[in-house]
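The block underneath contains the structure these notes are about, expressed in structure tokens.
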Amino acid sequence: MGRIASPHGVRGAVKVKPQSADPASLLDYDEWWLRSRSGGDWMPYRVLARREQSGMLVAELAGIASRDAAAALHGADVGVPRASLPALRDDEHYQADLIGMAVVNRDGAALGVVAEFVQSGAHPILRIAGHDGQERLIPWVKQTIDGVDAPGRRIDVDWPVNY
């Protein structure tokens, strides 16, 4: 739902770049889970204070009391437990659920699998790791996304193989 961008101030606060459709959605949670940029296990942190500031979130986390401790969190992913998230409508999906899905174009050509979502400002972009070693960037807009078959782990797109 976000990523730690940098320390904020000298008392251990962190700046978080939101990565969800609603940037302020993380403000609703009293506990955030962090995973270091190198991967590993998710660790819970109680959120002591949080606010929105200039398109970023600023938060104070329990156990993080210095600028150095906050700097050590740089690049960490920020999330919340799945059970805490709101229920989805039938036509909605969490981006995390789409990672690893096969991507197939209208001609039936397999373009690869979803490696990640890249936030561009205008709309999310699918980064596809191609089976042929080629990376593809496909905008997540209704003009290019034909449908998502969640049980079949497949996304159908209007996208040429050699673009």
When you scan the stretch 21-30, do you find a residue that is over 26 Å from S120 (Cα atoms) and either free of Cβ contacts under 8 Å to residues at least 24 places away in the same chain or not assigned by TED's automatic domain parsing to the domain that holds F117 (or both), even just one?
yes
Qualifying positions in the stretch 133-163 - surrounded by 11 or more Cβ atoms within 10 Å (Cβ to Cβ), on the phi < 0 side of the Ramachandran plot and outside any strand (DSSP E or B)
Q134, W140, V141, T144, A150, D158, W159, P160, V161
Can you name the number of the only condition in (1) over 30 Å from I155 (Cα atoms); (2) part of a strand (DSSP E or B); (3) not β-branched (V, I, T) that L27 fails?
(2)
Can you go through G100, G79 and tell me which one is at negative phi and touching a strand residue (DSSP E or B) at 6+ places or on another chain (Cβ under 9 Å)?
G79
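The values are calculated or read from the model by the stated rules, or taken from the named source; none is laboratory data. Remember, it's a predicted structure, so these values are computed and weren't measured experimentally. For neighbour counting, all protein chains shown are included, and Cβ atoms are generated from backbone atoms with ideal geometry for every residue, glycine included.
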